[in-house]
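Written out below as structure tokens is the structure these notes cover.
The values are calculated or read from the model by the stated rules, or taken from the named source; none is laboratory data. This structure is a prediction, so every number in the text was calculated from the model and none was measured. No Cβ is skipped: glycine too gets one built from the backbone with ideal geometry, and neighbour counts run over all protein chains shown. The area values use the complete protein model at the heavy-atom level, side chains included, leaving out ligands, DNA and RNA. Shrake-Rupley method; radii C 1.70, N 1.55, O 1.52, S 1.80 Å.
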Amino acid sequence: MLKAYICLCLCLCLPVILSAQTKISGTVTNNRKQPLAGANIYIKGAYDGATSGKDGKYGFTTTENGKVILVASFQDYQSIELELELTGAPLVQPIVLKKGANELKMVTISASSFEAGDKKKNPVLTPLDIVSTAGANADIVGALKTLPGTQQVGEQTGLFVRGGTGYETQTFIDGMLVRNPFYSGMPDLATRGRFSPFLFKGTTFSSGGYSAQYGQGLSSALILETEDLPDRSSSTLNLSTVGIGGGISKLAKNKKSSYGLEADYFNLTPYYKIVPQKNEPSTYPSGLNTTANFRVKTSKSGILKFYGTYAYNTFGYIKNSIEYPKAKEEFSLKNGNVYTNMSYRERLNENWKLDMGVSYSTNNDNIKMDTFANEIPTTKVHNNSQLLQFRPMISRNIGFTTLRLGMEYQYATEKVVYNGDELTYHDQYTAAFAEGDVYITPRLVSRMGARFEYSSILAKTNIAPRVSLAYRLSGDGQVSLAYGEYYQKPEPQYIRFNPNMDYMRATHYIASYQKVASLHTFRVEAFYKKYHDLVKTVPDLNNDGKGYASGVELFYRDKKTIHNGDFWISYSYLNTKRDYLNYPAEVQPDFAANHTASLVYKQFIPSITTYLGMTYSFATGRPYYDPNKPESEFLKDRTKAFNTMGLSVIHTTSIGKAFTVLVASVTNVLGTEQVYGYRYSSDGLRRDAVGPLAPRFFFLGMFMSFGIDRSKDIIDNN
């Protein structure tokens, strides 16, 4: 959260200097002299800009002088840059934007995908949206939980989508799989993602039917693309109720390379002493996160990027034992994680383009579990996972057809030491894929692809075909259909004991309608997903599990109706059952609610440069099993409905030469009791409700930035 708020600081800063101004004004039109409303106009490398009104007119003042570059951009039109000479005298500058040659009058594939990114056309969520969503705590996954298809699961780490478990959602950075995208979790406590949304220029969340470029995700994919060169050098400093940090980003004078360093230290000891927690901390949460990056522009079309992180954190708590009355149990965790990613992109010639990447990650968890006042030995567990991978892809445009060919190689090590007993396995995973986007007409496009996979530990192969169709209606509407087969290896804890298992498989069918304009978005989607070969743990480890999920989802976002206001509403209906693990029959799993909904509202007050945010989320009760009831009642009971409301206030100002952002936020402001399920003792006589460590989480922070320009984000967001 800390790093994301730093980025938020960089985004919300506005200059307050109002002397020696030049007024720039004009009208933005297309080449038919029609006014364009909502176009962004700003001075490159400064904080000054405006958005065109309904009549296409714009105007703003700037303290810049001399030669500057004026940038104008709008939806699917080509952005332009104009050199101006500012002398202090008013300047009238008309702007004419032209449609891009391959831009969005042509239909695009979009079934089940939500895109975020300040360089995408009509993004559903921008990085600023993600970090300013109240209740999300500046976490990418926290913000995605306000979108349709996702579940409000607070006791397990991961993104639960359309009846799938958290394991069935995979995260990719620059095309490569991330083995540990979340911080290591504690029992019955979900953790946040490791990465800040502002590291990425593009974020795509696919809740199903995704491209053949990506594999090993049975339900959904979170696809992230890192930023290229920054606009200018900058530095940051921050102080909050959870820690302190800072960083620098240096852009070379020739603007062909850059590097960045960042470090954040967090320690929740003061916070936990002020705000009581459900469990008594034995080790207060603390840790250090560091990042380093460099980017080198290798040619006009080529760029080499490196991104690496090292993180260390520790946490422990003591709670009453359910199994042994009057006894205490302690659980503690020490985690170390290293992630590195290097990618290279180059246009080989007029027709062919190369994308290539290599990454390595290692994650270590040292876990200790102890029961006091009983002669039960301490349990010590050490987990280590490593992943080395290489991924090249070439693509070519042939008229209105785009062809992509690629392969992946991964070498994974999964090791566990349980009270001195070690179990380790290695897996060499190889995949190849081919995919083509074929424009049958400008209104009708088809994406056809297939993926081949082989795992050495399973000693099995699979072939996964995938097809999508999209047809553009009049106006901004389009309908889409998607079908695909998706395979995934069982989780390591099962392969470790039975390497002869098979892939799990899911078949996706999706139909959707969406209408996307510059200031509002509407989508309705229906899906059906059939599960095959899920893992069963009784009577032994096997692939005899099965299941299904079906549902309807709605999404509406509006940035037009309320002046300086922005809101979105999402609703999901889910009907799902599965027979897996130790389930005695096909039943609704304990992580799935039938109905979920979210309302997100944000209000910007320009006169005091302040954002007010509110997020309300609802989910019907989830299944749990009372072992005192017969097996026929397995997972028939339901928890109470889930309700939570988060609030946030974000104020921008300046302190000295530093642009400063003050942030205050609170989750579950009404203190509504949240019960995710129940844990029972083995004799069924005692139980504990599973919920958050505290009813609310409070955050206060001050973030200072020097030099970075995110004015375009401010303009885009308002």
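For the subset of segment 191-210 comprising residues that are in contact with a Pro (Cβ under 9 Å, 6 or more places away or on another chain) and modelled with pLDDT of 85 or more, which member is surrounded by the most Cβ atoms within 10 Å (Cβ to Cβ)?
Within segment 191-210, the match that is surrounded by the most Cβ atoms within 10 Å (Cβ to Cβ) is Ser207.
How many residues does segment 341-354 hold that are at pLDDT 95 or above and out of contact with any Asp or Glu (no Cβ under 8 Å at 6 or more places or on another chain)?
The number of residues fulfilling the criteria is 1.
It is to be established whether one or more residues within segment 183-204 are free of Cβ contacts under 8 Å to residues at least 40 places away in the same chain, within 15 Å of Ile140 (Cα to Cα) and assigned by the TED database to the domain that holds Asp355.
Within segment 183-204, the subset free of Cβ contacts under 8 Å to residues at least 40 places away in the same chain is 185, 190-191.
After this cut, where a residue has to be within 15 Å of Ile140 (Cα to Cα) as well, the list is 190-191.
Still in the running and assigned by the TED database to the domain that holds Asp355: 190-191.
Within segment 183-204, one or more residues are free of Cβ contacts under 8 Å to residues at least 40 places away in the same chain, within 15 Å of Ile140 (Cα to Cα) and assigned by the TED database to the domain that holds Asp355.
Looking only at segment 232-259, which residues are modelled with pLDDT of 90 or more, in contact with a helix residue (DSSP H, G or I) (Cβ under 7 Å, 6 or more places away or on another chain), under 16 Å from Ala658 (Cβ atoms) and hydroxyl-bearing (Ser, Thr, Tyr)?
Of everything in segment 232-259, just one residue is modelled with pLDDT of 90 or more, in contact with a helix residue (DSSP H, G or I) (Cβ under 7 Å, 6 or more places away or on another chain), under 16 Å from Ala658 (Cβ atoms) and hydroxyl-bearing (Ser, Thr, Tyr), namely Ser240.
For segment 661-688, which residues satisfy the criterion of being part of a loop (DSSP other than H, G, I, E, B) and open to solvent by 40 Å² or more (accessible area, probe 1.4 Å)?
Of everything in segment 661-688, those that are part of a loop (DSSP other than H, G, I, E, B) and open to solvent by 40 Å² or more (accessible area, probe 1.4 Å) turn out to be Val669, Leu670, Thr672, Glu673, Ser682, Asp683, Leu685, Arg686.
Inside segment 425-475, can you point out the residues that are at pLDDT below 95, surrounded by fewer than 20 Cβ atoms within 10 Å (Cβ to Cβ) and of a type in the set (Ser, Thr, Tyr)?
Within segment 425-475, Tyr439, Thr441, Ser446, Tyr471, Ser474 qualify.
From the list Gln213, Gln156, which residue is assigned to a loop (DSSP other than H, G, I, E, B), open to solvent by 10 Å² or more (accessible area, probe 1.4 Å) and touching a helix residue (DSSP H, G or I) at 6+ places or on another chain (Cβ under 6 Å)?
That would be Gln156, the only listed residue that is assigned to a loop (DSSP other than H, G, I, E, B), open to solvent by 10 Å² or more (accessible area, probe 1.4 Å) and touching a helix residue (DSSP H, G or I) at 6+ places or on another chain (Cβ under 6 Å).
In segment 689-706, which residues are within 30 Å of Ser235 (Cα to Cα) and surrounded by 18 or more Cβ atoms within 10 Å (Cβ to Cβ)?
Correct list: Phe697, Phe699, Gly701, Phe703, Met704, Ser705.
Just to be sure I understand the filter: pairs with C-beta atoms under 7 Å, separated by 6 or more residues or on different chains, first member in segment 142-153 and in contact (Cβ under 8 Å) with a residue 12 or more places away in the chain and assigned by the TED database to the domain that holds Glu168, second member of a type in the set (Phe, Trp, Tyr) and not in a loop (DSSP other than H, G, I, E, B). Which pairs pass?
So the pair list comes out as Leu144/Phe205; Leu147/Phe114; Leu147/Phe205; Leu147/Phe555; Pro148/Phe555; Pro148/Tyr571; Gln152/Phe642.
What do you reckon, is Gly208 assigned by the TED database to the domain that holds Val161 and not in a loop (DSSP other than H, G, I, E, B)?
So Gly208 fails the test.
Of all residues being open to solvent by less than 40 Å² (accessible area, probe 1.4 Å) and under 25 Å from the mean Cα position of the chain (by Cα) in segment 391-409, which is farthest from Lys353 (Cα to Cα)? Just the residue, please.
Among residues in segment 391-409 that are open to solvent by less than 40 Å² (accessible area, probe 1.4 Å) and under 25 Å from the mean Cα position of the chain (by Cα), the one farthest from Lys353 (Cα to Cα) is Glu408.
Kindly indicate whether any position in segment 372-379 is aliphatic (A, V, I, L, M), open to solvent by less than 70 Å² (accessible area, probe 1.4 Å) and modelled with pLDDT of 90 or more. Walk me through it before giving the result.
Step one: filter segment 372-379 for residues aliphatic (A, V, I, L, M), giving 373, 376.
Subsequent filtering for residues that are open to solvent by less than 70 Å² (accessible area, probe 1.4 Å) retains 376.
From what is left, the residues that are modelled with pLDDT of 90 or more are none.
Looking for residues that are aliphatic (A, V, I, L, M), open to solvent by less than 70 Å² (accessible area, probe 1.4 Å) and modelled with pLDDT of 90 or more, one finds none in segment 372-379, hence no.
With the checklist (1) under 30 Å from Asn542 (Cα atoms); (2) crowded, with 19+ Cβ neighbours inside 10 Å in hand, flag the one item Thr507 doesn't pass.
Here Thr507 meets the rest and fails (2).
Can you work out which of the residues in segment 530-561 that are farther than 22 Å from Gly208 by Cα and within 27 Å of the chain's Cα centre (by Cα) is modelled with the highest pLDDT?
Among residues in segment 530-561 that are farther than 22 Å from Gly208 by Cα and within 27 Å of the chain's Cα centre (by Cα), the one modelled with the highest pLDDT is Asp558.
Confirm whether Glu414 is of a type in the set (Asp, Glu) and open to solvent by less than 40 Å² (accessible area, probe 1.4 Å). Working first, answer last.
Numbers: of a type in the set (Asp, Glu): yes; open to solvent by less than 40 Å² (accessible area, probe 1.4 Å): yes.
Yes, satisfied.
Looking only at segment 219-245, filter to residues that are more than 30 Å from Gly302 (Cβ to Cβ) and either without any contact (Cβ under 8 Å) to a residue 24 or more places away in the chain or among the hydroxyl-bearing types (Ser, Thr, Tyr) (or both); which one of those is surrounded by the most Cβ atoms within 10 Å (Cβ to Cβ)? Please lay out each step first, then the result.
Initial filter on segment 219-245 (more than 30 Å from Gly302 (Cβ to Cβ)): 219-220, 237-245.
From what is left, the residues that are either without any contact (Cβ under 8 Å) to a residue 24 or more places away in the chain or among the hydroxyl-bearing types (Ser, Thr, Tyr) (or both) are 219-220, 240-241, 244.
On the way: Ser219: 28, Ser220: 26, Ser240: 20, Thr241: 16, Ile244: 14.
Taking the candidates together, the pick is Ser219.
Restricting to segment 597-647, what's the tally of residues that are assigned to a strand (DSSP E or B) and either open to solvent by 50 Å² or more (accessible area, probe 1.4 Å) or farther than 30 Å from Glu586 by Cβ (or both)?
20
What's the number of the only condition in (1) open to solvent by 20 Å² or more (accessible area, probe 1.4 Å); (2) touching a residue at least 12 places away in the same chain (Cβ under 8 Å) that Arg32 fails to meet?
Arg32 satisfies all of (1) open to solvent by 20 Å² or more (accessible area, probe 1.4 Å); (2) touching a residue at least 12 places away in the same chain (Cβ under 8 Å) except (2).
Is it the case, given these coordinates, that Ile322 is among the β-branched types (Val, Ile, Thr) and part of a strand (DSSP E or B)?
Spelling it out, it is not the case that Ile322 is among the β-branched types (Val, Ile, Thr) and part of a strand (DSSP E or B).
Any idea which residue in segment 321-346 is least open to solvent (accessible area, probe 1.4 Å), counting only those that are among the basic types (Lys, Arg) and either in contact with a Ser or Thr (Cβ under 9 Å, 6 or more places away or on another chain) or in contact (Cβ under 8 Å) with a residue 60 or more places away in the chain (or both)?
Arg345
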